[in-house]
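Heads up: the structure comes next, in structure tokens.
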Amino acid sequence: MIPVPAKPQSPGPTPEAVLAELIPVARTMLENQARQVEVQERVQMRQLELQHFRDEQQAKVFQESIKPEKHKFNLGFGLLAFAVLVVVAFSAGLMFITGDVKSGMSILSHVGAVIAGLMTGLGWHKYRHEMDVGRKEQ
């Protein structure tokens, strides 16, 4: 085997020279990252503004859609209150004007039973509806 002469090692660049070449590249990279972060922040702020706008629009649409139902509820409630007032007045008239306490109390007790039955039925209907919704979500 023939020995290969070793090449003389040339002195490489000094660490200071390497760093001096990398500093502008590092600065450019950091500036680009800073700009990219600013752009991302602007995009996120815009997305939040759009989401807020959509939420406001949905709230307005919901309020508009609920107005007829609210009106129906108010009419129904007013009619029910009037009917209860008429029945109570009729019963009071029977008891105090004609002196027929037994008939007046009978009417009031039957009306009370009907109202209790209606409230129980509405509660049962609501409970069943919630149970059906819970099953559908699962």
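The values are calculated or read from the model by the stated rules, or taken from the named source; none is laboratory data. The shown structure was predicted, so the numbers you read here are calculated from the model rather than taken from an experiment. Heads up, the Cβs are rebuilt from the backbone with ideal geometry, glycines too, and the neighbour counts pull from every protein chain shown.
Observations on the structure shown:
- Taking the criterion of being of a type in the set (Ser, Thr, Tyr) and not in a helix (DSSP H, G or I), the only residue of segment 79-130 that qualifies is Thr98.
- Check on Gln63, modelled with pLDDT under 90, surrounded by fewer than 10 Cβ atoms within 10 Å (Cβ to Cβ) and of a type in the set (S, T, N, Q): no
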